[in-house]
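Read the figures in this text as sums done on the coordinates, not as results from a lab. Keep in mind that this is a model prediction, so the values were computed, not measured. Because the Cβ atoms are built from the backbone with ideal geometry, glycine has one as well, and the counts that use them run over all protein chains shown.
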Amino acid sequence: MIEARQLTKRYGDKVAVDGVDFTVRPGAVTGFLGPNGAGKSTTMRMIIGLDAPTAGTVTVNGRRYAQHSAPLREVGALLEARSIHPGRSAFDHLMALAYTHGISRARVSEVIEMTGLQSVARKRAGAFSLGMGQRLGIAAAVLGDPQTVMLDEPVNGLDPEGVLWIRNLLTGLAAEGRTVFVSSHLMSEMALVADHLIIVGRGRVLADTTVRDLVLQAGGDTVVVATDDPAELRRVLVGPGVEITGHPGSEQLTVTGLPAREIGRKAAEHGLVLFELTAKTVSLEEAFMELTKESVEYHAASTTGRAA
């Protein structure tokens, strides 16, 4: 478990992390999302002691990272895949880490196989592709068989097979009861693997929620329906938690709080003919963009209307 309480980091006049509170619980994949400059990397660096908080605390399994006698066995982290000696082989890099914690050679061989590095295990890591570098970084993160795994952008450079592999790895680790904390800009992947989300912007927590709840909040439970008797359809559909809007004289209604299937069933039961029944789908990416639109630090200039 990772617990942050009023965690703050300042660099001179700049506040990178501003009093954040969150808990990353075991048994689930928690996605850590935010625009560039939101404070994600700084927060992760403070979790494993690479940066010292200006104020507040952050603990892993009840202790600060530095207080663990064998930190690799408590939390495995990938923050920068290229932070390895380029002249070492993948095997030697992992063995050097293993020696510091009394981890066996057999475990090194096990994680090499787990991460698909068998064919390049004896090659110098400096010649690795970005994808192979990511695999080596993940191998180092899981080397100590830790209860907590924290990965920053783990799918960078991976091919489709590699993306599927990391997806299965993350869900598998969570299913074993481990704490899994993952930062990513790939919303499509987060939508598939994350059970919980912590979203930050300008150093503050904007949301601590689930994918489903965030999408629903952004209008993901909206259905557009059209009929020749909208007044009667409105009467049929009205109920607790149901919101219905429409313009006078229009055959079209917008319904929130009822799925399309239920609307269609109720209409059929009352003999109402529907001309349209369309569920409005909001993606995690759209919900994320809406939530963080005021927290984006770097905006691209619009090219609309400019000559090529």
How high is the relative contact order of the range 2-215, given as a whole-number percent (alpha carbon pairs under 8 Å, six or more residues apart)?
-> 31 percent
Of the GluC sites (Glu not before Pro) in the range 133-197, those whose Cβ has at most 16 other Cβ within 10 Å and which sit in DSSP loop | E176
Under the 7 Å Cα-to-Cβ spin-label approximation, E294 and E276 lie apart by a distance in nanometres of 3.1 nm
Near the amide H of L206, under 5 Å away, which other amide H atoms are found, from residues 5 or more places off or on another chain, if H is placed in the peptide plane?
-> I199, V200, G201
Treat every Asp and Glu Cβ in the chain as -1 and every Lys and Arg Cβ as +1, leave all other atoms uncharged, and give the resulting dipole magnitude about the Cα centre to the nearest 20 debye.
-> 1360 debye
Using only Cα atoms, tell me the angle between helix 160-175 and the longest principal axis of the chain; keep it within 0 to 90° and round to the nearest 10.
-> 90 degrees
Gaussian network model of the chain, Cα within-10 Å springs - most flexible of H247, H85, H93 = H247
If you build a Gaussian network model of the chain, linking Cα atoms that sit under 10 Å apart, which residue out of R25, R202, R235 swings the most?
-> R235
As a Kirkwood estimate from alpha-carbon pairs, the range 166-218 has a hydrodynamic radius in angstrom of 12.1 Å
With the 8 Å Cα cutoff and a minimum separation of six or more residues, the range 221-280 has a relative contact order in percent of 52 percent
Pair R265, Q252: separation of 7 Å Cα→Cβ label points (nm) = 2.7 nm
Give me the distance between the Cα centres of the range 63-81 and the range 203-271, rounded to whole Å.
-> 47 Å
When you take every Cα atom in the chain, what is the radius of gyration, and what is Dmax, the widest Cα pair distance, in Å?
-> 24.2, 76
Helix 130-142 vs. the chain, principal-axis angle (Cα, 0 to 90°, nearest 10) | 80 degrees
Within the chain, what percent of beta bridges assigned by DSSP are antiparallel, to the nearest 5?
-> 65 percent
More than 13 angstrom apart: percent of Cα pairs within the range 131-176 | 53 percent
If every Lys and Arg gets +1 and every Asp and Glu gets -1 at its Cβ, then about the Cα centre the range 221-280 yields a dipole, in debye to the nearest 20, of 160 debye
Residue-averaged 222 nm ellipticity for the chain, from DSSP H runs of 4+ at -39500 (n - 2.57), nearest 500 = -9500 deg cm²/dmol
What length, rounded to one decimal in nm, is gained on full extension from N36 through to L164, with 0.36 nm per residue of separation minus their alpha-carbon distance?
-> 43.6 nm
From the residues G116, G264, V205, which one has its Cα farthest along the dipole of the chain in the positive direction, the dipole being from +1 and -1 charges on Cβ of Lys/Arg and Asp/Glu about the Cα centre?
-> G116
So what's the gap between the Cα centers of the range 89-148 and the range 20-52, to the nearest angstrom?
-> 24 Å
Rank I244, I198, I48 by mean-square fluctuation in a GNM of the chain with C-alpha springs under 10 angstrom and give only the top-ranked residue.
-> I244
